[in-house]
Amino acid sequence: MMRQTIGGTWLLQLMILFILLFVGFIVLTLNYSRTVKIKNELINMFEKYEGLNDASIELVNNYLLYTGYDVEGVCVPNGDSETGVYGALDLNSTKLEPAREGEKYYYCVKKYKGANTTNYYQITIFYKFNLPIIGDTSSFTIKGTTSNFQAQDDKQYENVIGD
């Protein structure tokens with residue numbers, strides 16, 4: 001009789017473990033797919049407004065506020081003042097600031113020189129792995145790149161990055 005009770009308890013614990021692993025996997029995939037969708041929308045917005053300008057930053061920030069995106073992460077600065085990495089500290093502002101070590105941002109943008117006079121941007125957003133009972137366990141970055149395009153006005157870019 002005692003042997004069956006111990007065996008039943010062990011089996012119940014094993015089932016609970018597998019249920020928790022399954023729920024964790026489902027949460028992981030749902031959060032990841034949501035974050036990838038947000039990243040793709042941000043790329044589309046930057047391409048639509050042809051780069052970083054007040055209109056694109058305002059649209060991106062409003063979209064992030066609307067979707068409830070509140071994950072912050074660290075942007076890795078590269079020390080290049082012309083095409084540096086810039087981050088959004090506040091979603092209610094249209095200014096980005098140069099990335100600093102240890103500072104947390106909602107998203108990061110880096111401008112790259114493309115062919116001839118074109119530019120493209122790399123957008124980095126952050127993904128937080130959150131289990132229902134355990135809570136926040138780790139944070140990851142998701143990067144995406146816009147296509148090459150001719151920016152309308154480099155002056156607007158300089159106004160947005162706050163240099």
Would you mind getting me the FRET efficiency between N116 and L89? Use the beta-carbon distance for r and R0 = 30 Å, nearest 0.05.
-> 0.35
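So how much slack lies between K37 and L12, counting 0.36 nm per residue of separation and subtracting their Cα-Cα distance, in nm? Mind showing how you got there, number by number?
Details: separation 25, 0.36 × 25 = 9.00 nm, distance 3.75 nm.
Using 0.36 nm per residue and subtracting the Cα-Cα distance, I get 5.2 nm.
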Just subtract the alpha-carbon distance of L30 and N62 from 0.36 nm times their residue separation and send over the number in nm, one decimal.
-> 9.3 nm
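Since every read-out is calculated from the coordinates, none of them should be taken as a lab result. Because the structure is a prediction, the values reported are computed rather than measured. Every residue, glycine as well, gets a Cβ built from its backbone with ideal geometry; the counts of neighbours run over all protein chains shown.
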